[in-house]
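Here's the structure we're looking at; comments come further down.
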Amino acid sequence: MEGNIISQIYEKINTQIPDDIKHKLKSTRVRHEMLKKYKGQAFLDSTNLKFPVVNPETGHKDCKLIYAAFLRASVHSSKGGSSKQPKEYYDKIRDEAKKLYESEDCSEKLKVKLNKEDIEIGVLNTNDIFEIEEQENDIITSLTNYLE
């Protein structure tokens, strides 16, 4: 296994979103249809059609998409924002994604062995546990481009 463990964790979580959903979410037409059909609940930023949280095939909130929104916003926030949005914008999106993740009872957990004891860590807490270097942020950002 090469690279930092946090990249591998995020890559594993990221690849759980089915390719057909990723492909659909790349389409501006599909995003407009989602907004029309599901209103403001489809995106964390409905104005810009950014951070989708509803599966375009089922119309239901999707824990994997919510987590991806949380991850993407966390990465941009940790980098101080982006060329398009300030850090505060991403902080707000991250906080909304976290609340939604918890309210939807999403239960992605990582099993970790520490001192011969198995514990479970919620995926939302990985940023608090692992230090993410700037190179890691770049890798994570490149893996999740389609989700913003």
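Numbers at a glance
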| quantity | calculated |
| --- | --- |
| Proxy reagent accessibility, fewest Cβ within 10 Å first, across Glu104, Glu96, Glu57 | Glu57, Glu104, Glu96 |
| Karplus (6.51, -1.76, 1.60) ³J(HN,Hα), θ = phi - 60°, over the range 46-58, in Hz, Gly and Pro reported as x | 5, 4, 9, 6, 10, 6, x, 10, 10, 5, x, 8, 9 |
| Likely footprinting exposure, Asp95, Asp45, fewest C-beta neighbours within 10 Å first | Asp95, Asp45 |
| For the range 20-36, Karplus couplings with θ = phi - 60° (6.51, -1.76, 1.60), whole Hz, Gly/Pro x | 5, 5, 4, 4, 4, 6, 6, 7, 5, 4, 4, 5, 5, 4, 4, 5, 5 |
| Leu49, Leu25 arranged by Cβ crowding within 10 Å, fewest neighbours leading | Leu49, Leu25 |
| Exceeding the 18 Å Cα-Cα cut-off - candidates Lys26/Lys99; Lys64/Lys99; Lys24/Lys61; Lys26/Lys64; Lys36/Lys87; Lys50/Lys92 | Lys26/Lys99; Lys36/Lys87 |
| Length added when fully stretched, Ser27-Ser82, from 0.36 nm per residue minus Cα-Cα | 17.6 nm |
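Computed from the coordinates by the stated procedures, all read-outs in this text should not be read as laboratory data. Because the structure is a prediction, the values reported are computed rather than measured. Because the Cβ atoms are built from the backbone with ideal geometry, glycine has one as well, and the counts that use them run over all protein chains shown.
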